[in-house]
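**Student:** There's a structure below that I have some questions on.
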Amino acid sequence: MISRTKELKNLFKVIKNFTNYGMREIKSQSRVRSLVFARRIFCVIARGQFGMSYIELGTFIHHNHATIIHNVNKHESDYEYYKEYRELYDKIY
């Protein structure tokens, strides 16, 4: 069985293939829109696919759990209203 950490690192690699943002960038505090989208997709997939708590996920990417909650909550509206986000999410997941 693959460990959760290894699965998350694989998810970082998949996202990097589509966005050119790796683990370091996703864990950063940057608010560049394209990077925020990559971080949001990472959070949504990690939460849904691996069942991580907000606190676990926040600790893993060095963000507050409230940031993770915000990212997960914003997914639906971003998916609906931002074509760029929707296309990226559909390619990755």
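The values are calculated or read from the model by the stated rules, or taken from the named source; none is laboratory data. Remember, it's a predicted structure, so these values are computed and weren't measured experimentally. In this analysis, Cβ positions are derived from the backbone assuming ideal geometry, glycine residues included, and neighbour counts consider all displayed protein chains. The area values use the complete protein model at the heavy-atom level, side chains included, leaving out ligands, DNA and RNA. Shrake-Rupley method; radii C 1.70, N 1.55, O 1.52, S 1.80 Å.
**Student:** Determine the calculated [θ] at 222 nm for the chain from helices alone, applying -39500 (n - 2.57) to every DSSP H run no shorter than 4 residues and normalising by the residue count; nearest 500 deg cm²/dmol. Intermediate values should be presented prior to the final figure.
**Tutor:** Working: 6 runs with 74 residues, N = 93.
Only helices count here, giving -25000 deg cm²/dmol.
**Student:** Right, another one. Provide the gained length on full extension for the span residue 83 to residue 49, in nm with one decimal, where the gain is 0.36 nm per separating residue minus the Cα-Cα distance.
**Tutor:** Details: separation 34, 0.36 × 34 = 12.24 nm, distance 2.30 nm.
This chain segment gains 9.9 nm when fully extended.
**Student:** I'd like the carbon and sulfur percentage of the solvent accessible area for the chain, probe radius 1.4 Å, heavy atoms only, ligands and nucleic acids excluded.
**Tutor:** On the way: 2920 of 5810 Å².
Percent of accessible area from carbon and sulfur atoms in the chain: 50.
**Student:** How far is it, in nm, from the label point at residue 18 to the one at residue 62 when both lie 7 Å from their Cα along the line to the Cβ?
**Tutor:** Result for the modelled spin labels: 2.4 nm.
**Student:** Treating each Cα of the chain as an identical point scatterer and ignoring solvent, apply the Debye formula and state log10 I(q)/I(0) at q = 0.13, 0.14, 0.20, 0.23 Å⁻¹.
**Tutor:** Summing over Cα pairs of the chain leads to -0.37, -0.43, -0.94, -1.28.
**Student:** Further question on the same structure: Kindly report the accessible area of the chain per residue (heavy atoms of protein chains, probe 1.4 Å, no ligands, DNA or RNA), in Å².
**Tutor:** Details: 5810 Å² over 93 residues.
Per-residue accessible area for the chain comes out at 62 Å².
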